[in-house]
Amino acid sequence: MKHILPLILLAVALTAVTACGSKGDNATAPNAEEVQEQNTQLAEALNVGDLKNASAMADSMSLFVDDFTPEQTVQVLMAFLSVHNDAVAKGERRRDLETLRKYVDVYDIALSVNSKATREAFAKAKKINPSVDFDSVAVAFREKLTQYDAIQDGSLVATAPAPADTVAKDTVAEEIPLELRPAE
């Protein structure tokens, strides 16, 4: 819960940075307006704590991750982090796992499409909120997903417990004469 406030502040700051410093062409003006509106709506949903709406918006926005601006990528990743924190706090494992997968997918696609600009946006976000490290979060989420997948497919199997020292062996009962054995 203590991590949500810095995430929300980061989302609002990124929205302000995007609004003030966007480099738009006349050819992309309508697209830039749509991007700005989506960013604003997502930031507002995060600010008021409406994580259900923020999650739905981030989900729908993530379908077009190939067309994201780097700032949009950061904002969607921040939304997924907020949803992850909420799911963990409420013990909602399925929702958490779905969010982990979405985060990793958006992170990977955004870096594959525009690595340099996305990394620059990550650096800007880290300057605003030093506790946010998208790379380490992605590594941690991948590890959790790998462990979960290993458990689900059976490749991660616990070893059989070693027999306790205090357990009598079955052969002892056969060595005792029948008349000396306790009645059953």
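The values are calculated or read from the model by the stated rules, or taken from the named source; none is laboratory data. For clarity, every value in this text was computed on a predicted model and none was experimentally measured. Because the Cβ atoms are built from the backbone with ideal geometry, glycine has one as well, and the counts that use them run over all protein chains shown. What goes into the accessible areas is simple: the full protein's heavy atoms, side chains included, and nothing from ligands, DNA or RNA. Shrake-Rupley method; radii C 1.70, N 1.55, O 1.52, S 1.80 Å.
Out of PHE141, PHE122, which single residue is in contact with a Phe, Trp or Tyr (Cβ under 6 Å, 6 or more places away or on another chain), farther than 22 Å from THR40 by Cα, in contact (Cβ under 8 Å) with a residue 24 or more places away in the chain and surrounded by 15 or more Cβ atoms within 10 Å (Cβ to Cβ)?
Working: PHE122 fails: farther than 22 Å from THR40 by Cα.
Criteria check complete, one pass: PHE141.
Determine if segment 37-57 includes at least one residue that is touching a Pro at 6+ places or on another chain (Cβ under 6 Å) and either closer than 23 Å to LYS144 by Cβ or among the small types (Gly, Ala, Ser) (or both). Break it down into steps so the answer makes sense when it comes.
From segment 37-57, those touching a Pro at 6+ places or on another chain (Cβ under 6 Å) are none; that's our starting set.
No - not one qualifying residue is present in segment 37-57.
Would you check which residues across segment 144-180 are open to solvent by less than 100 Å² (accessible area, probe 1.4 Å), at pLDDT 65 or above and more than 30 Å from the chain's Cα centre (by Cα) and list them?
ILE176, PRO177
Check off (1) surrounded by fewer than 16 Cβ atoms within 10 Å (Cβ to Cβ); (2) in contact with a Pro (Cβ under 9 Å, 6 or more places away or on another chain) for LYS127 and give me the number that stays unchecked.
Result: LYS127 fails condition (2) only.
Please go through segment 85-137 and pick out each residue that is within 25 Å of LYS52 (Cβ to Cβ), hydrophobic (A, V, I, L, M, F, W, C) and in a helix (DSSP H, G or I). Steps first, answer last, please.
Within segment 85-137, the subset within 25 Å of LYS52 (Cβ to Cβ) is 85-107, 109-110, 125, 129, 131-132, 134, 137.
Narrowing the set further to residues that are hydrophobic (A, V, I, L, M, F, W, C) leaves 87-89, 97, 100, 104, 106, 109-110, 125, 132, 134, 137.
The answer is ALA87, VAL88, ALA89, LEU97, LEU100, VAL104, VAL106, ILE109, ALA110, ALA125, PHE134, VAL137.
Cβ-Cβ under 8 Å, sequence separation 6+ or interchain: first residue in segment 55-67 and surrounded by 11 or more Cβ atoms within 10 Å (Cβ to Cβ), partner among the basic types (Lys, Arg) and at pLDDT 85 or above. Which pairs?
ALA58/LYS102; ASP59/LYS102; SER62/LYS102
Filter segment 50-63 down to the residues that are out of contact with any helix residue (DSSP H, G or I) (no Cβ under 6 Å at 6 or more places or on another chain) and either assigned to a helix (DSSP H, G or I) or closer than 15 Å to THR118 by Cβ (or both) and list them by number. Walk me through how you get there before you give the answer.
Here is the first cut: in segment 50-63, the residues out of contact with any helix residue (DSSP H, G or I) (no Cβ under 6 Å at 6 or more places or on another chain) are 50, 52, 56, 59-60, 63.
LYS52, ALA56, ASP59, SER60, listed by residue number.
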